[in-house]
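Student: This is the structure I want to talk about, given as structure tokens.
The values are calculated or read from the model by the stated rules, or taken from the named source; none is laboratory data. It should be emphasised that the depicted structure is a prediction, and the values quoted were computed from it without experimental measurement. Note: ideal-geometry Cβ built from the backbone for every residue, glycine included; neighbour counts use all protein chains shown. Side chains included, ligands, DNA and RNA excluded: accessible areas come from the protein's heavy atoms. Shrake-Rupley method; radii C 1.70, N 1.55, O 1.52, S 1.80 Å.
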Amino acid sequence: MHEESRAVANGCGKIQSSAQNGAALLALMEKTGYSMVQQNGQRKFGGPPPGWEGPPPPRGCEVFVGKIPRDMFEDELVPVFERAGKIYELRLMMEFSGKFIGVCVSLDNCRLFIGAIPKDKKKEEILNEMKKVTEGVVDVIVYPNATDKTKNRGFAFVEYESHRAAAMARRRLIPGTFQPWGHTIQVDWADPEKVVDEETMQRVKVLYVRNLMISTTEDKIKAEFNKFKPGVVERVKKLRDYAFVHFFHREDAVAAMSIMNGKCIDGASIEVTLAKPVNKESSWKQHFNGQISPSSENLLGFPNKEDSAQKSLGKPASLSVRLNGQHSPGPPEVERSTYPIFPGIKLTPISMYSLKLSHFSSAVMHLDYFCHKNSWAPPEYCLYSTTSQDGKILLVYKVLISSIADDSQSYFMPEKLCTTVEDAKELAAQFTLLHL
């Protein structure tokens, strides 16, 4: 921002306006009774407004407005936004672009992902450490190791009282500036939780049970949940250390959730919540921000100009083409470079499910990651073969995707045959991802 139009804060944080816009801002404060302070690269107008009683507005009441012209300030913005309703707080960043504004619902994310945490640290230790260096910590979510419940999985989620508190903490915890327990941690925004409307949740009769022992069987889980009322459980589907318990009636699911949450099964204290249904029609496209296109023929091995010599049966063209295909933008390009491991460099164990989608270049890995993120069963690949006219064995995979939460199943099989198992599996995964 130009120096002559920048507001300057004094030692107490109060605004000392420049000659250009100071009078207008002072007039605005006198007229509305709102206070105005500047801190951390932004000016805050209100929060709370004069005469406000009770708690701040709940989450979901904030919108983000971008691309505000450089020469527009609170004296012009406040009257515009007040047309929609009473303003609780307006935070104006100190950099602007000069284009048309854009308005969307603010994500209001209050949760950070913290990775590379020592696995021997307990929830209380992690909570205390985060409170030492960041403000507004509400809770820490730590997942026990699937095989050793005395250890964590090497990551945690830190919940803050507001989006602003989480944003300030993220800035404070930049890797290299803070090393708890002598470890360099990873910090990023946590994926926002899926929001399911209340009407849909009122029909759910499936419970999500986590923190189970690997050795615990589906029969044991069914028996435990049937104890409070015999015969209420329809079936159980368990994957690794979590499971979905299906009930015949919703009221029994709700009652079981209340009774079983915190109970011990095979020595593990379980956590029980209502399962959130997944919209399979839109979830994959939403995962790519709506940027994947069904018309991307390269994705399915159809030839392009460079592939004209590869039209023969059994040799799918462009199997190496990334998931976004040639005709539509998609995830960021994966960096395929390699780097040397220098002596003494520290390596930290990490789960692939804590990575971002852009870290994967294989459709097979994409599909596995996507199923895990949506709490579906892992994809099942069924291999089929035929023989070409010249005697070659040609292969194709059929993929089964099971959505455990709503008990649905879908099969996917491309209309292309391959000469190698690896190509057949990759093609089947690409085809499945496109049609989910």
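Student: Of all the strands (runs of 3 or more DSSP E) wholly in the stretch 348-430, which have at least 2 residues that are under 23 Å from the mean Cα position of the chain (by Cα)?
Tutor: Here the list reads 393-403.
Student: Follow-up. Have a look at LEU395, LEU433 and point out the one that is closer than 25 Å to TYR242 by Cα and either open to solvent by less than 20 Å² (accessible area, probe 1.4 Å) or in the same structural domain as PHE360 (by the TED database) (or both).
Tutor: Being closer than 25 Å to TYR242 by Cα and either open to solvent by less than 20 Å² (accessible area, probe 1.4 Å) or in the same structural domain as PHE360 (by the TED database) (or both) holds for just one of LEU395, LEU433, which is LEU433.
Student: Return the residue satisfying two criteria in turn: it lies in the stretch 157-188 and is in a loop (DSSP other than H, G, I, E, B) and farther than 20 Å from LYS122 by Cβ, and of such residues it is least open to solvent (accessible area, probe 1.4 Å).
Tutor: Restricting to residues being in a loop (DSSP other than H, G, I, E, B) and farther than 20 Å from LYS122 by Cβ, the top hit is SER162.
Student: What tally of residues in the stretch 190-232 results from selecting those that are in a helix (DSSP H, G or I) and of a type in the set (Asp, Glu)?
Tutor: Here is the first cut: in the stretch 190-232, the ones in a helix (DSSP H, G or I) are 198-201, 218-226.
Next, only the ones that are of a type in the set (Asp, Glu) stay: 198-199, 218-219, 224.
Total satisfying the criteria: 5.
Student: Related question: Just need a number here: residues in the stretch 211-257 that are β-branched (Val, Ile, Thr) and under 22 Å from ASN374 (Cβ atoms).
Tutor: Number satisfying all stated conditions: 4.
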